[in-house]
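Peer 1: Submitted below is the structure of interest, expressed as structure tokens.
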Amino acid sequence: MFKAPRGTQDILPDQQPYWQLVRDKIREVCGLYGFRRLDPPLFEETRLFARGVGETTDIVEKEMYTFKDKGGESLTLLPEGTASFMRAYLEHGMHVLPQPIKLYSILPFFRYERPQAGRFRQHYQFNAETIGEAYPAVDAEIISLAWHLYSLLGLRGVQLQVNSIGDSRCRPGYNKLLTGYLRDHQKSLAKTDRDRLRRNPLRVLDSKEEASQKIIAQAPKSTDHLCDDCGQHFARLREYLDLLKIPYTLNYRLVRGLDYYTRTVFEFWAAGIGAQNAIGGGGRYDGLAKLLGGRDTPGVGFGLGLERIILTLQQQKIPPPPDPGPQVFLAYHGGQGQKEALLLAEKMRGVGIRAAVNHGGRSLKAQMKQADREGAEYAIIIGEKEMETDTVTVHVMHSGEEFTVAKPQIINWLKNRLFQR
Ligand code: HAM
């Protein structure tokens, strides 16, 4: 027997109402904030991610689904969205349009990670990106968009963590300072963190290794070493968050796992869904466009994980609206009854009535049970008596009331009942 590949899942019909709810609210909130949808292809040239996300990141080093196509070109299934958004912005010359450009998408991403609760090898993200504007109010707006979505969904207890990691002017100095400090204390760091120190020192700060915690707690903080512009940018962002009454925690250990970030970084954390508690994360990426060979273009955005949002909804017992069942179930007797039922069902669907018919030639009694199970509002019975008199019997499921209606009148009869409430 085949199984879905490790770290992937079928999203079964019973789960779909949750996905529908989240997608509906995303569309709603993007409409409210004026974000327009952009769907890039699901694979790109491998170099895009090596350049954009960074050679020494976990994603590029270990997690990409990379393959050669028949033409010998190296392609990679999207491990994330931001590099593609920026590629599309540059490729389509969006800088000539009024700035900023506000884009969103809901896409599956692919990362060869160790699967666990809330961590998949194919996961879906809602991405929102504001490209072409450097003002800190834009960072605040993007954070408030995510915040608004969580609130529309009714999620409780989401925590916003923010930090600033500086830019190309002040980060190198801070990096040096941090590296020096960590080197001085190498012996007390966990082995994986000593490796990280060599490849990507900033990442040591978000290490979960018990052995390293003491050293990390005393490490120099990026926010104490920002240049004037970055310092001001961060101060203004915090003012805007206060103004918008969005509570946040300053988290100097928040550095994020992708190399393109400058200045603002942030994450949203939820309680009760296990170790993978980041239900969203993002930040500013003012250097990304140039890394990709384009004109200097600022940007800020986030990715929110749909699986983790849905886990949180379930954990907080927030039910989605159920899938609507059929409004009408047609039950019939015999071959002629079946033909009439099929025809009537088609006519009903033609005027927008959700109609279901049983195809297995079961007894009328069994069909009525099925109508009940499927949650139909009305059963239409086409039995022997009804066929003789060119009528149908309407059975109101919740009350058991019955009406005899002339068959040519039944569509109008139902329309009056169903659509004029
Ligand atoms: P990221 O932090 O790698 O950022 O992913 C964003 C969110 O996607 C995470 O907070 C989490 O909710 C979800 N996520 C990530 N990996 C997995 C996984 N393996 N299984 C389930 N959920 C996952 C980015 O990808 C950036 N591109 C976000 C961004 C957009 N930054 C600026 N613009």
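Peer 1: Output the residues belonging to segment 113-138 that are crowded, with 16+ Cβ neighbours inside 10 Å, in a loop (DSSP other than H, G, I, E, B) and within 10 Å of the ligand (Cβ to nearest atom). Reasoning before the result, please.
Peer 2: Restricting attention to segment 113-138, the residues satisfying the condition of being crowded, with 16+ Cβ neighbours inside 10 Å are 113, 118-136, 138.
Of the ones still in play, those that are also in a loop (DSSP other than H, G, I, E, B) are 113, 118, 120-121, 132-135.
Listed by number, the residues that qualify are Glu113, Gly118, Phe120, Arg121.
Peer 1: Kindly provide the set of residues from segment 235-247 that are over 27 Å from the mean Cα position of the chain (by Cα) and either surrounded by 20 or more Cβ atoms within 10 Å (Cβ to Cβ) or of a type in the set (D, E, K, R) (or both), ordered by number.
Peer 2: Listed by number, the residues that qualify are Arg236, Glu239.
Peer 1: Take the conditions in contact with a Leu (Cβ under 7 Å, 6 or more places away or on another chain), under 30 Å from Ile106 (Cβ atoms), away from the ligand (no atom under 11 Å from the Cβ) and modelled with pLDDT of 95 or more and apply them to Tyr240. Does it pass? Working first, answer last.
Peer 2: Details: in contact with a Leu (Cβ under 7 Å, 6 or more places away or on another chain): no; under 30 Å from Ile106 (Cβ atoms): yes; away from the ligand (no atom under 11 Å from the Cβ): yes; modelled with pLDDT of 95 or more: yes.
Taking the combined requirement at face value, the residue does not satisfy it.
Peer 1: Checking the conditions here, which among Arg349, Arg354, Arg284 is under 34 Å from the mean Cα position of the chain (by Cα), surrounded by 19 or more Cβ atoms within 10 Å (Cβ to Cβ) and at pLDDT 95 or above? Reasoning before the result, please.
Peer 2: Values: Arg349 fails: surrounded by 19 or more Cβ atoms within 10 Å (Cβ to Cβ); Arg354 fails: surrounded by 19 or more Cβ atoms within 10 Å (Cβ to Cβ).
The unique qualifying residue is Arg284.
Peer 1: Name the single residue, out of those in segment 183-203 being touching a residue at least 24 places away in the same chain (Cβ under 8 Å) and closer than 14 Å to Thr57 by Cα, that is surrounded by the fewest Cβ atoms within 10 Å (Cβ to Cβ).
Peer 2: At the first step, the residues of segment 183-203 found to be touching a residue at least 24 places away in the same chain (Cβ under 8 Å) are 185, 188-189, 199-203.
Those still in the list that are closer than 14 Å to Thr57 by Cα too: 199-203.
Numbers: Arg199: 13, Asn200: 19, Pro201: 22, Leu202: 20, Arg203: 20.
Step by step, filter segment 183-203, then rank; the result is Arg199.
Peer 1: Scan segment 319-330 and tell me whether some residue there is more than 30 Å from Met94 (Cα to Cα), surrounded by fewer than 18 Cβ atoms within 10 Å (Cβ to Cβ) and in contact with a Phe, Trp or Tyr (Cβ under 8 Å, 6 or more places away or on another chain). If you could, list the steps in order and put the result at the bottom.
Peer 2: First pass over segment 319-330, keeping only residues more than 30 Å from Met94 (Cα to Cα): 319-330.
Checking the rest, the ones that are also surrounded by fewer than 18 Cβ atoms within 10 Å (Cβ to Cβ) come to 319, 321-325.
Narrowing the set further to residues that are in contact with a Phe, Trp or Tyr (Cβ under 8 Å, 6 or more places away or on another chain) leaves none.
Looking through segment 319-330, none of the residues is more than 30 Å from Met94 (Cα to Cα), surrounded by fewer than 18 Cβ atoms within 10 Å (Cβ to Cβ) and in contact with a Phe, Trp or Tyr (Cβ under 8 Å, 6 or more places away or on another chain).
Peer 1: Can you say whether Val357 is in contact with an Asp or Glu (Cβ under 9 Å, 6 or more places away or on another chain) and away from the ligand (no atom under 16 Å from the Cβ), as far as the supplied structure shows?
Peer 2: Details: in contact with an Asp or Glu (Cβ under 9 Å, 6 or more places away or on another chain): no; away from the ligand (no atom under 16 Å from the Cβ): yes.
No.
Peer 1: Which one of these does Ser151 not meet: (1) in contact (Cβ under 8 Å) with a residue 40 or more places away in the chain; (2) under 21 Å from Asn277 (Cβ atoms)?
Peer 2: So the condition that Ser151 fails would be (1).
Peer 1: When segment 1-60 is examined, which residues are found to be of a type in the set (D, E, K, R) and under 30 Å from Leu202 (Cβ atoms)?
Peer 2: Kept after step one, since they are of a type in the set (D, E, K, R), are these residues of segment 1-60: 3, 6, 10, 14, 23-25, 27-28, 36-37, 39, 44-45, 47, 51, 55, 58.
Correct list: Glu44, Glu45, Arg47, Arg51, Glu55, Asp58.
Peer 1: When the residues of segment 155-182 are narrowed to those that are in contact with a Pro (Cβ under 9 Å, 6 or more places away or on another chain) and assigned to a strand (DSSP E or B), which ends up surrounded by the most Cβ atoms within 10 Å (Cβ to Cβ)?
Peer 2: Per the criteria, the residue is Leu160.
Peer 1: Of these, Leu311, Leu237, which one is touching an Asp or Glu at 6+ places or on another chain (Cβ under 6 Å) and part of a helix (DSSP H, G or I)? Break it down into steps so the answer makes sense when it comes.
Peer 2: Numbers: Leu311 fails: touching an Asp or Glu at 6+ places or on another chain (Cβ under 6 Å).
Among Leu311, Leu237, only Leu237 is touching an Asp or Glu at 6+ places or on another chain (Cβ under 6 Å) and part of a helix (DSSP H, G or I).
Peer 1: The conditions are (1) under 30 Å from Leu155 (Cβ atoms); (2) buried (at least 19 other Cβ atoms within 10 Å of the Cβ), and Cys230 fails exactly one of them. Which is it?
Peer 2: (1)
Peer 1: Could you pull out the residue among Leu90, Leu12 that is in a loop (DSSP other than H, G, I, E, B) and farther than 21 Å from Gly281 by Cα?
Peer 2: Values: Leu90 fails: in a loop (DSSP other than H, G, I, E, B).
Testing whether each residue is in a loop (DSSP other than H, G, I, E, B) and farther than 21 Å from Gly281 by Cα leaves just Leu12.
Peer 1: Go through Arg6, Arg23, Arg37 for me and flag whichever is over 28 Å from Lys102 (Cβ atoms), within 16 Å of the ligand (Cβ to nearest atom) and either touching a residue at least 12 places away in the same chain (Cβ under 8 Å) or among the small types (Gly, Ala, Ser) (or both). Before the answer, list the steps.
Peer 2: Values: Arg23 fails: over 28 Å from Lys102 (Cβ atoms); Arg37 fails: over 28 Å from Lys102 (Cβ atoms).
Being over 28 Å from Lys102 (Cβ atoms), within 16 Å of the ligand (Cβ to nearest atom) and either touching a residue at least 12 places away in the same chain (Cβ under 8 Å) or among the small types (Gly, Ala, Ser) (or both) holds for just one of Arg6, Arg23, Arg37, which is Arg6.
Peer 1: I've got another one for you. Out of Val53, Val22, which single residue is under 23 Å from Tyr104 (Cα atoms) and at pLDDT 95 or above? Steps first, please.
Peer 2: Values: Val53 fails: at pLDDT 95 or above.
Only one candidate passes the filter, namely Val22.
Peer 1: Right, next: Which of the residues belonging to segment 274-287 are more than 10 Å from the ligand (Cβ to nearest atom) and over 16 Å from Ala134 (Cβ atoms)? Write out each step before concluding.
Peer 2: First, pick out the residues of segment 274-287 that are more than 10 Å from the ligand (Cβ to nearest atom): 274-275, 286-287.
Of everything in segment 274-287, those that are more than 10 Å from the ligand (Cβ to nearest atom) and over 16 Å from Ala134 (Cβ atoms) turn out to be Gly274, Ala275.
Peer 1: Could you please find all residues in segment 379-403 being buried (at least 19 other Cβ atoms within 10 Å of the Cβ) and acidic (Asp, Glu)?
Peer 2: Here is the first cut: in segment 379-403, the ones buried (at least 19 other Cβ atoms within 10 Å of the Cβ) are 379-382, 386, 391-392, 394-395.
Correct list: Glu386 only.
Peer 1: Additional query: Could you grab me the full set of residues in segment 12-29 that are among the hydrophobic types (A, V, I, L, M, F, W, C), surrounded by 14 or more Cβ atoms within 10 Å (Cβ to Cβ) and closer than 28 Å to Glu63 by Cβ? If you could, list the steps in order and put the result at the bottom.
Peer 2: Filtering segment 12-29 down to residues among the hydrophobic types (A, V, I, L, M, F, W, C) leaves 12, 19, 21-22, 26, 29.
Imposing the further condition that a residue be surrounded by 14 or more Cβ atoms within 10 Å (Cβ to Cβ) reduces the set to 19, 21-22, 26, 29.
Selection gives Trp19, Val22, Ile26.
Peer 1: In segment 36-50, what count of residues is obtained for those that are of a type outside the set (D, E, K, R) and part of a strand (DSSP E or B)?
Peer 2: Here is the first cut: in segment 36-50, the residues of a type outside the set (D, E, K, R) are 38, 40-43, 46, 48-50.
Okay, now just the ones that are also part of a strand (DSSP E or B), so 43.
Number satisfying all stated conditions: 1.
Peer 1: When segment 83-128 is examined, which residues are found to be closer than 15 Å to Ile59 by Cα and out of contact with any strand residue (DSSP E or B) (no Cβ under 7 Å at 6 or more places or on another chain)?
Peer 2: Ala83, Arg111, Tyr112, Arg114, Pro115, Arg119, Phe120
Yes/no per residue for (1) buried (at least 18 other Cβ atoms within 10 Å of the Cβ); (2) more than 9 Å from the ligand (Cβ to nearest atom):
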| site | (1), (2) |
| --- | --- |
| Thr249 | no, yes |
| Tyr261 | yes, no |
| Ala289 | yes, yes |
| Ile310 | yes, yes |
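The values are calculated or read from the model by the stated rules, or taken from the named source; none is laboratory data. Treat the numbers as computed from the prediction; the structure is a model and nothing was measured. Please note: Cβ atoms are built from the backbone with ideal geometry, for glycine as well, and neighbour counts cover all protein chains shown.
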